[in-house]
Amino acid sequence: MAVKASPRFIRICNQFSSILGGTEHEITKGPVCFVSRNRKINAAILGRRTASPLVRYQLFSFESLDSSGRALCLGETALFQNQVNRLLSNLRKNGIKVTAVHNHWLFENPRLMYIHWESIDNPVDFARKVKRSIAFLG
């Protein structure tokens, strides 16, 4: 079923995805522009190697685009424990609110963490800020 979105929303979603290097993007009901990509993470859970997207994802979205071009922009990424402080600093320097830092798995090696963030911003500007913030993750 096709989701109704304005040509402006579709254009911005395509640009948002392109900036963030999304491997997949879609417009879901709302409309919500949803972008995903997977990090290259070598990890094991319970002693077994994993390449699961549940472990190594990066997710980004925007929705509620207003007439001034600002939207609710959200993001989340998987990262190694020793990368947490740098990402927190990078996001905050770019005016993005960090809303959660937590783990998802037990008995993983190396230790993996997940960070969530949010902002009311122009989606293209948000994408550029996030791209700068996460660039060191590779």
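Listed by first and then second residue, the pairs linking a residue in the range 35-56 that is closer than 15 Å to T23 by Cβ and in a helix (DSSP H, G or I) to a residue that is modelled with pLDDT of 95 or more and hydroxyl-bearing (S, T, Y), with Cβ atoms under 9 Å apart and 6 or more places separating them unless they lie on different chains, are P53/S36; R56/T50. Of all residues in the range 87-96, at least one satisfies being surrounded by fewer than 12 Cβ atoms within 10 Å (Cβ to Cβ) and not in a loop (DSSP other than H, G, I, E, B). Looking only at residues in the range 106-119 that are in contact (Cβ under 8 Å) with a residue 60 or more places away in the chain and under 20 Å from N85 (Cβ atoms), which one is surrounded by the fewest Cβ atoms within 10 Å (Cβ to Cβ)? Among those that are in contact (Cβ under 8 Å) with a residue 60 or more places away in the chain and under 20 Å from N85 (Cβ atoms), it is P110.
Among the candidates G69, G21, the residue that is in contact (Cβ under 8 Å) with a residue 40 or more places away in the chain, closer than 19 Å to G138 by Cβ, of a type outside the set (A, V, I, L, M) and surrounded by fewer than 16 Cβ atoms within 10 Å (Cβ to Cβ) is uniquely G21.
The values are calculated or read from the model by the stated rules, or taken from the named source; none is laboratory data. These figures come from a predicted structure and were not determined experimentally. Note that we place each Cβ from the backbone using ideal geometry, even for glycine, and neighbour counts take in every protein chain shown.
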